[in-house]
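Structure first, commentary second.
Laboratory data are not the source of any read-out in this text; all were calculated from the coordinates shown. These numbers come from a predicted model, not from an experiment. Quick reminder, even Gly has a Cβ in these numbers, built from the backbone with ideal geometry, and neighbours come from all protein chains shown.
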Ligand code: CMC
C-alpha cells in the first residue's frame, strides 16, 4: 500500500472531512474511512461489499473489466499452461515461485501429511450414508481441531505452517472419503507415489478388488481445475475465513466456515446447481423455455453457471477450462451425452442472446468445470467438494496473511438500523 498524500473531501452538514486516498500497486484507489465514524459520527452503507475493501492483500488480483486474474502477479493463463497445482500452492502461500529444491521439499512435506488420524474414520461413520459430501466435509474439517492439537496455536508461526500443510494435504483425502462413504465403498488410503491430482482420482475411483490406473490426461485436467480454483481474492468464502479468523478462531474451524459458505448455489455450489439445471432442461428443444424464464423478472430462476460479481466481460478461468473441457470430452468420446449436448447448445445461445450480452452474463468457470467433472464420472454432489479442496490453499494463504498482519483487528461490520426505537415492555394482558 499506500500513499497518503492525496485526500478526498467529504462535506456533511457544513463540515468537511479529509479522507486519505490509498493507492494499490494496481487497481482502483481506495478511500480510507477508518476514522470517519470517530470524526463525523456516520457509517458508510455498502450491503454486499460491492465498493468496500476490507483488508490489504498481496496474494491475488482480479480486474473484472479486463478479465484478468493474477496469482502473486502471475497471469492465470500462464500458470494453467506451465505450472501445476502444488507449485501454485507454494506460490500462493509463500509469494514466490519455488526453485527445484524448495519444490521438492514442499512436495515431500505435503505428501507426508496425506493420511488422516485413524480415529477420524470412526468419526465419518457417524454420518448418514446419504449425507451430502459438503455436509460431511464441514463436519470433518471442523473436527480436525479435535485431532491435531499441536497445530492450534495461531500465535506460533510454526504451528500455523503445520496446520496449512495438514489441510492442503488432507482435504483431498477427506473429500474422497466423503464420496466413498456416500456410495458405501471402502475408504481408499492415499498413495504418496502419485502426484496430488492423480492421488485424488485414485482415492475416488479405485476399489480394493481391482487395479486402477489413473489416465494422465484426466489427472492433468483435474490438476487444472484445482489450479483455476486455488484462490479468488476476497470472495464470500474467503471473506468468511478471514472474518472467522479475525476472532482468533483456530485454522481448522476457519476453513470449515469457508467450506460452509462455499456450499451456497450463488458461490461454489453453482457447479452442482448448473449440472442439475442441465438435467432439468433435459433436451435441446427445451432450452428456449429456460432462457425465457431466466429473462422473466417475475421468475427467480437464473441460468446457473452464468454471470459473475466481478468479471463483467469474461471469466479468464472459464476460457482455460473450456479448452480442458474440449480435451476431456474428446479423450473420453462422450460427445453424444445428451446433457453435454444441452450444455454446448445453451452456451452458444447465451453467448449470442441480446439479454445475456447486454447484462454481461458469460459462462463462468463452474459451467465448464461441471461439464468436465460429469464426463470424468463424478456425481454432481462431488463438484463443490472438489472446489473446496482446491480453494483450501487460497483460504489458508489469506488466513496466514491476516494473522501475520500486526494491524489486524476483529472484523465487525456496522449496520443501518431500521427496527423499532426504544419502547417499554408490555405486560401480556396489554398486548
Ligand atoms: N441468469 C439470468 N440472469 C442473471 C444471471 C443469471 N445467471 N445472473 C445475473 N442475472 C441478471 C440479474 O437478474 C440482474 O438483472 P436486473 O439488472 O434486471 O436486475 C443482472 O443480471 C445483474 O445481476 P446481479 O445478481 O446484480 O449480479 P451479481 O453480481 O450480484 O451476481 C452472481 C453475480 C454470480 C451471484 C449471479 O450472476 C448468479 O447468481 N449467477 C448464477 C450462479 C453462478 O453461476 N455462480 C457462480 C459464480 S462463479 C464461481 C465463484 O466464483 O463462486
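Figures for the structure shown
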item: Region 373-431 versus region 1-47: alpha-carbon centroid distance in Å; result: 26 Å
item: Estimated [θ] at 222 nm from DSSP helical runs (n ≥ 4, -39500 (n - 2.57)) normalised by residues in the chain, nearest 500; result: -15500 deg cm²/dmol
item: Neighbour-count order for 276, 429, fewest beta carbons within 10 angstrom listed first; result: 429, 276
item: Relative frequency of Cα-Cα separations exceeding 18 Å in region 1-130, percent; result: 71 percent
item: Convex hull of Cα atoms in region 272-316, direction-averaged projection (nm²); result: 4.0 nm²
item: Equivalent-ellipsoid semi-axes of region 181-340, from the Cα gyration tensor, Å, largest first; result: 29, 26, 16
item: Cα radius of gyration and Dmax for region 63-147 (Å); result: 17.9, 49
item: Square roots of 5 times each gyration tensor eigenvalue, C-alpha, the chain, largest first, Å; result: 36, 29, 24
item: Tilt relative to the chain, helix 251-262 - C-alpha long axis, 0 to 90 degrees, to 10; result: 90 degrees
item: Between 0 and 90°, nearest 10: helix 157-182 axis offset from the chain longest Cα axis; result: 50 degrees
item: Sorted by Cβ neighbour density within 10 Å, fewest at the top, the residues 204, 274; result: 204, 274
item: Residue among 287, 59, 259 with the largest mean-square fluctuation in a Gaussian network model of the chain, springs linking Cα atoms under 10 Å; result: 287
item: D_trans [Stokes-Einstein, Kirkwood Rh over alpha-carbon pairs] for region 128-207, 4 °C, 1.567 mPa s, µm² s⁻¹; result: 95 µm²/s
item: Residue order, fewest to most beta carbons within 10 Å, for 182, 237; result: 182, 237
item: Cα-based Rg of region 77-199 normalised by 2.2 N^0.38 Å, two decimals; result: 1.14
item: Angle in degrees between helix 196-205 and the longest Cα principal axis of the chain, rounded to the nearest 10; result: 60 degrees
item: Span from the region 117-147 Cα centroid across to the region 275-350 one, whole angstrom; result: 33 Å
item: Computed label-point distance, nm, for sites residue 109 and residue 43 using a 7 Å Cα→Cβ extension; result: 4.1 nm
item: Cα-based shape type of region 357-400, given that a ≥ b ≥ c are square roots of the gyration tensor eigenvalues and the cut on a/c is 1.5; result: oblate
item: Solvent-free Debye scattering, log10 I(q)/I(0), computed from the Cα coordinates of region 61-110 at q = 0.22, 0.26 Å⁻¹; result: -0.77, -0.98
item: Two-decimal Rg to Rh for region 278-431 - Kirkwood Rh, Cα set; result: 1.16
